[in-house]
Structures are given as structure tokens and as C-alpha cells.
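We did not get these values from a lab; they are worked out from the coordinates using the rules stated. These numbers come from a predicted model, not from an experiment. For neighbour counting, all protein chains shown are included, and Cβ atoms are generated from backbone atoms with ideal geometry for every residue, glycine included.
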Amino acid sequence: MAYVIGVDCGTSGTKTILFREDGAVMASATVEYPMDQLKNGYTEQDSLG
């Protein structure tokens, strides 16, 4: 059986989903990136993780 994985690398996190070849969802996960808001209207991410 074949599988397809989709990955969405967005601004606030990465989402993944695993599909079976018939379209059934087998698994999914989301991991958010930490963000700091040092002052109102400004958001910063640590690029080194």
C-alpha cells in the first residue's frame, strides 16, 4: 500500500498529515514555533531554535 505525506511549513508552525492511497487519513501532527512579543505590534522568532 502506498502513502502520501503533506507538509505545511507556515509562519507559526509546521503541520503534517499522512494519507493512505485511498485517501484515508492515517495520522496528523502540528508543531508550533515559539514566538516572543517584545512590544505591542512586533513578534520575533528565534531562527536558531
Is any residue of the stretch 1-23 close enough, with backbone N under 12 Å, to a label point placed 7 angstrom from the Cα of Tyr33 along the Cα-Cβ axis, and if so, which? 9-15
So what is the relative contact order for the chain, in percent, with contacts set as C-alpha pairs under 8 Å and at least six apart? 26
What is the projected area of the convex hull of the Cα atoms of the chain, averaged over all directions, in nm²? 4.5
For the pair Tyr42 and Ala24, the simple spin-label estimate (label points 7 Å beyond Cα toward Cβ) gives in nm 5.2
